[in-house]
Amino acid sequence: MATTAPVPIPIPFPPTRHERSALILYASETGTSEDAAHALGGIAQRLRFATRVAAMDGGGVNVNELRKYTIVVLAISTTGQGDLPRNGRKLWKSLLRRSIPAGYLRHVDFTTFGFGDRSYAKFNWAARKVHRRLQQLGANEFYGRGEGDEQHDEGTDGAFIPWSLGFKKQLLESYPLPEGIEPIPDEEFLPPKYILQIAEPEIDSDTPTQNGTSPDMNEGTNDPCLKEVFDPADLITDETPPPPTIIDIPGHRVLTLKKNLRLTADDHFQDVRHLALEVEGNIGYQPGDVLTLYPKNFPADVNSLIALQNWTSIADKPLSVVDSTAHPTSPPYTAALIDLHFPVGRRPTLRDLLTHNLDITAIPRRSFLGACAHFTSDETHKTKLQEFSNPAYTDEYFDYTTRPRRSILEILQDFPTIQLPFNHALALLPRLRGRQFSISSGGILRQPNGKETTTFHLTVALVRYRTVLRKVRQGVCSRYIASLKPGTRIAATLSDGSLNVNAEDSLLFRRPLLLIAPGTGVAPMRSLIWERDMILNQEDELRSIEVGHENNAEEIPRAKTVLIFGGRNRNAREGVRPRHHPARGAAGVGDAAAVGAGAAARGEGRGPA
Ligand SMILES: Cc1cc2nc3c(=O)[nH]c(=O)nc-3n(C[C@H](O)[C@H](O)[C@H](O)COP(=O)(O)OP(=O)(O)OC[C@H]3O[C@@H](n4cnc5c(N)ncnc54)[C@H](O)[C@@H]3O)c2cc1C
Ligand SMILES: Cc1cc2nc3c(=O)[nH]c(=O)nc-3n(C[C@H](O)[C@H](O)[C@H](O)COP(=O)(O)O)c2cc1C
C-alpha cells in the first residue's frame, strides 16, 4: 500500500508580524527558481514556519506584505540582459517607488538567492539589484545571499544545495524552535497547498474526452462485440497528435497555422522549420518581440501515465482545484495564480491537466524523486528513490536522470510500485511551460493580406537528439510543432523582446547595420532587415511626394546591412543558407550578405530575403 498523505495543517493567512512565518517569493521564466522556492518553503515548513510560497507578482504580494512575515526569502532568476523575469517585474517596480519612506522595511529579515549564467555579461543582476534595493529600504540580511551559475558542473544546484543547507542551519540558530517542539522529520510527507478534487456532480455527460467523444461512447451501439472490447484508447498510436483544444492562457490570441515547412535539406541532421501563423486584426510587433507557443503532451504518453498510476476511472471527470490551507482572508484562488491553463469554458479533467499543464516527459528534479519515495510501499524502491533525491549522492542522481535524459514517465515505468495520489498531481509534477520564439517577420511581411490580418513568422530548430543510451529524444515543444498541420488553431501570447530597437527611430535605420547570428538566432535579424526595409521605403515615398512627382527626389543612399550568419550545413536549402545580394540596393538591403528564412526566400515576396 502506498502512503496516504496526512491531513494538511491550516496556515493562518495573512500571519501577523509576531508569528513564526516565512514568505518565499520567486521570479522565474522557466521554473528553476520556482522549484528552488518550493524547496526553501519545505525547509521553512519543516522548521514550523507558517509558510507561503508565491511568485513575486503573485496574488496579494506587495511591498507592505513583506512586513508581515518573520522572514522573507527571494529566489530570483535573471532573464533578457540582466532583467527580472516577467512574474517579478511589478513588485520590483513598486520597490523602486520614491514615495517609500526611508527605513520602511527595517523590521524585515530577508535573504536572496540568484539564478543566472556566467556566460551572460550581467551575471545574476536581477537578484543583485533586488537585494541591494531591499537593503536600501532598511531590510536586514539574516543570511548571506547566494548565487547559482548554469555553467557550474552541477548547474545552479552546485551553489544552491550547499546554500540551502546553510539556510536551514541559520534558521535554527536565529529562530530556535520553541521548547518541546521538534522539526517535521524529512520522512514525513508535507501536504501540498493546492489539491485536485472531483467536482460535483461527478458525472458530467457534456465533458468531452480528448477524442472529442463522450466518455460513454460504447453506449448505444448495437454491435455487442464492439460494446465489449472497444476502448477509445486502442485507437491511439504514438503518432496520434495532441487534441486541438484551445487553452485559456491569460492574454492569449488564437492563431491559425498557415505554413509549417522544413527549411533544411532532408539529409541534414537538424530539422529547421518556417512557421507562418495568422491572426485576425491589426496586431503590432517590433523586431526582437517573441511569440510564446504552449506545447501539449501526446495522447499515447498521457494514456501511459494514467494507466501506470491507475487513474483511468477518474481521468475524464471534471475537477476543481482547492486551496487545502485556505483561510477566509486568503486571496481567491485563480488558475492563473498557480500557472494553470484550463480549456475554454469548462472544468478541466485530469487528462486535460496531463495534456496541457503538467510536464510528464521532463527530466525530473531531485524533489520529484524524493516525493515519489513517499508513494511506494516497496522498500527497495523507496531506498533507491531516497538515495537519488539526497544531495549527498549527486553522481547517482546525475547518472540515472540527467546524463541519459530519463523522463518522469520513464521513471514511473522503472518504478511501477509508485502510486501517486491523483489529487496531488499539481504539486508533484512540474508545470509544462510555454516556449518562446523570436518573431522572424517584420515590415511588409506583417500584413501581407491587408490590415484585417496579422502574420507572424517563426524560424524553429526542432530539438531532436540521441541520448547516451542511444534513445531518440525530442524536445516537448519541438515534437508538438512537428505534429502541427496547416489549418490548426493554437493559442499563443505575444511579448516584448530585449532587442530594444525602436522602429520609429529612422536615424538608427539610416546607419550601417552589422548583424551576427548563429543558427535560428537569425530570426530577429530577419525581422529587423524587413522592418528597416519597409521604414526606409516609406520615408523615400514620403520624400518623393513632398518634393513633388515632377522633380524626381534625389535618392538618399542607403547604409549597408551585413549579416554574418553561422549555419552548419553548406547544402542547406535556400531557406537558411546565406546568400549574397550584390544588386539588392533598390530592394532595400544595400549589398547585404543576407539570409533567407522562409517563404520570402523562395521568391514569394519583394524585398529582403
Ligand atoms: C527569448 C527566446 C527566444 C527564442 N527564440 C527561438 C527561435 O527563434 N527559434 C528557436 O528554434 N528557438 C528559440 N528559442 C528556444 C525555444 O524557446 C525552445 O527552448 C526550443 O525550441 C526547445 O524547446 P523544446 O520544448 O522543443 O525542448 P525541451 O523539451 O525544452 O528540451 C530542450 C532541452 O533538451 C536538451 N538537449 C537539447 N539538445 C540536446 C543534445 N544534443 N543532447 C542532450 N540534451 C539535449 C537540453 O537540456 C535542452 O535544454 C528561444 C528561446 C528564448 C528564451
Ligand atoms: C533569454 C535568456 C536570457 C538570460 N539572461 C541572463 C542574464 O542576463 N544574466 C544571467 O546571469 N543569466 C541569464 N540567463 C540565464 C538564466 O538566468 C538561468 O538559466 C536561470 O537558471 C533560469 O532560471 P528560471 O528557470 O527560473 O527562469 C538568461 C537565460 C535566458 C534563456
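The values are calculated or read from the model by the stated rules, or taken from the named source; none is laboratory data. Computed from a prediction, not measured in an experiment: that's the story for all the values here. Reconstructed Cβ throughout: ideal geometry from the backbone, glycine too, with neighbour counts over all protein chains shown. Surface accessibility is based on the protein's heavy atoms, side chains included, excluding ligands, DNA and RNA. Shrake-Rupley method; radii C 1.70, N 1.55, O 1.52, S 1.80 Å.
Using the per-residue mean of other Cβ atoms lying within 10 Å as a proxy for protection, in what order, highest first, do the peptides 426-434, 63-71 fall?
The packing order, highest mean first, is 426-434, 63-71.
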The range 359-465, accessible area per residue, ligands and nucleic acids excluded (1.4 Å, Å²): 41
Cross-link partners of residue 93 among lysines (Cα-Cα below 26 Å; sequence separation of 8 or more within a chain): 68, 122, 129
Of all accessible heavy-atom area on the range 24-104, the percent that carbon and sulfur account for (1.4 Å): 48
Sorted peptide list for 299-305, 91-97, criterion being average Cβ within 10 angstrom, highest first: 299-305, 91-97
Distance (nanometres) between label positions extended 7 Å along Cα→Cβ at residue 562 and residue 393: 5.7
Rounded Å value of the spacing that divides the Cα centres of the range 393-447 and the range 126-171: 25
Euclidean distance of C-alpha centroids, the range 229-308 and the range 472-520, integer Å: 16
Most to least packed among 382-390, 492-500, 124-132, 525-533 [average Cβ atoms within 10 Å]: 525-533, 124-132, 382-390, 492-500
Fraction of accessible area attributable to carbon and sulfur, the range 333-416 (%, probe 1.4 Å): 48
Relative contact order (percent, whole number), the range 296-432, Cα cutoff 8 Å, 6+ residue spacing: 31
Those lysines that a straight Cα-Cα span of less than 28 Å connects to residue 382, excepting residues fewer than 8 apart in one chain: 168, 169, 193, 471
Rounded to 5, the percent of DSSP beta bridges in the range 21-174 classed as antiparallel: 5
